[in-house]
Amino acid sequence: MSVFGTEEVEFIKESLVDEAIDALFEKRFATLLHQCLNCIKKGSSKEISLASRTIGLLALTVGPGVHAQEILEESITPLSQAFNSGSESSKIISLLNCSAVITFVGASGPEEIEKSMQIMWQIIHPKLGSNVIAIKPSATLITTAVSSWSFLLTTMDGWRPSPKLWQESVTYLSSLLDNDDRSMRIAAGEALSLIFEMESLGKFVAETKGYIDSSALEGNKTKDSFSHIQGLKGKILNQARDLSMEAGGKGSSKKDLNNQRNMFRDVLEFLESGYPPETTMKIGGVALQTLTWSQLIQLNFLKRFLGGGFAKHMQESEFLQDVFGFTPKRRNLVGYDHISNTEKRMYKSPNSVVNKARTQQLNKQRMLSEGRNIGHFAICVGYEDS
């Protein structure tokens with residue numbers, strides 16, 4: 001009974017410590033979030049950029065759930081107001097990346113995702129009377145907006161927007177393939193490939209064709225719409241073929257040109273044969289694979305956002321591991337999977353009690369070793385003197 005009683009006391013202690021740590025985490029979480037939101041409301045462009053990035057990192061760190069939903073709900077209004085408060089590209093780019101990440105992690109339904117995508121689309125294709133940025137956006141800004149829009153579109157499988165909206169989206173993205181900026185062309189090509197992969201365009205074409213066959217409406221609007229989409233498919237195929245073979249011009253970067261050629265070869269193969277590109281990268285000796293355009297777009301976006309921290313996040317974040325179906329190497333710690341959450345927290349931090357205790361023990365061992373060495377030296381000297 002004494003053994004069971006001891007285990008029960010230890011369990012209660014562990015639960016209380018867990019609760020205390022969770023309460024402390026929630027307090028720090030809320031404090032950090034609100035400080036960042038205050039920066040977005042009142043800070044300089046540089047402060048807004050840093051605060052936006054911090055909020056995005058915070059969402060990825062906490063993962064999906066109540067905290068991520070809170071981040072999205074608390075941030076969406078300040079972010080929208082910040083879009084309208086200035087036109088500096090670096091600031092808007094940071095806001096776009098932040099909006100994409102917190103929506104990706106924290107959205108509880110398609111309505112929230114669609115709302116963020118609409119804001120991004122207004123930057124990609126600004127219309128008269130739009131409340132989002134009043135000046136003509138730069139190529140870099142449009143590229144970021146397209147990438148962010150595509151990133152969120154990967155989460156909208158089964159989404160059925162109006163045929164008019166799809167037609168507008170595909171038409172405009174196709175026009176971006178003719179832009180002088182290579183990064184913009186690549187982002188637009190990825191977005192179009194994703195739309196084809198989701199079969200959204202195919203469904204729209206089939207629905208429109210069926211509507212023509214089964215209806216006897218006045219006028220030719222539906223037929224014109226169907227013919228327009230069919231024509232767009234042929235146009236995009238020709239554009240992809242041209243971009244996959246584009247010759248380098250004066251002053252063009254060889255690396256950028258090769259990236260464009262390789263990407264549009266993948267687009268061309270996909271449009272002609274239906275095979276999306278497959279990629280593999282190693283993280284901690286384990287392969288992370290993408291087999292679809294959706295996965296590739298998610299991977300590229302998160303790599304850009306996290307930069308040098310991407311590998312670390314992939315090894316530590318259960319959320320990102322679930323997104324990509326990635327299983328990192330097991331920790332080289334005996335019994336790690338069988339210890340409590342409290343003990344895992346203790347092992348993780350370099351300033352943790354465990355690591356400090358380990359450092360103290362190492363220092364003690366060094367002192368003892370040095371003491372033994374000094375004693376040995378004294379004895380040897382004594383022998384020599386005698």
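The values are calculated or read from the model by the stated rules, or taken from the named source; none is laboratory data. Note that the structure is a prediction, hence the values are computed from the model and not measured. Reconstructed Cβ throughout: ideal geometry from the backbone, glycine too, with neighbour counts over all protein chains shown. Note: accessible area is taken over every heavy atom of the protein model, side chains too, but ligands, DNA and RNA are not part of it. Shrake-Rupley method; radii C 1.70, N 1.55, O 1.52, S 1.80 Å.
Which of the numbered conditions does A51 fail, given that it passes all the others? Conditions: (1) in a helix (DSSP H, G or I); (2) within 19 Å of I142 (Cα to Cα).
(2)
With the requirement that a residue be surrounded by 21 or more Cβ atoms within 10 Å (Cβ to Cβ) and of a type outside the set (A, V, I, L, M), what does segment 48-70 give you?
S49, S52, G56
Going by the conditions given, is L176 modelled with pLDDT of 95 or more, more than 16 Å from the chain's Cα centre (by Cα) and either open to solvent by less than 40 Å² (accessible area, probe 1.4 Å) or at positive phi (or both)?
Spelling it out, L176 is indeed modelled with pLDDT of 95 or more, more than 16 Å from the chain's Cα centre (by Cα) and either open to solvent by less than 40 Å² (accessible area, probe 1.4 Å) or at positive phi (or both).
Go through segment 243-293 and give me each residue that's of a type in the set (D, E, K, R) and surrounded by 13 or more Cβ atoms within 10 Å (Cβ to Cβ).
Matches in segment 243-293: E246, D256, R261, R265, D266, E269.
Restricting attention to segment 182-190, does a residue exist that is more than 23 Å from A139 (Cβ to Cβ) and at pLDDT 90 or above?
no
Touching a residue at least 24 places away in the same chain (Cβ under 8 Å) and touching a Cys at 6+ places or on another chain (Cβ under 6 Å): which single residue out of S87, S94, S52 fits that description?
That would be S52, the only listed residue that is touching a residue at least 24 places away in the same chain (Cβ under 8 Å) and touching a Cys at 6+ places or on another chain (Cβ under 6 Å).
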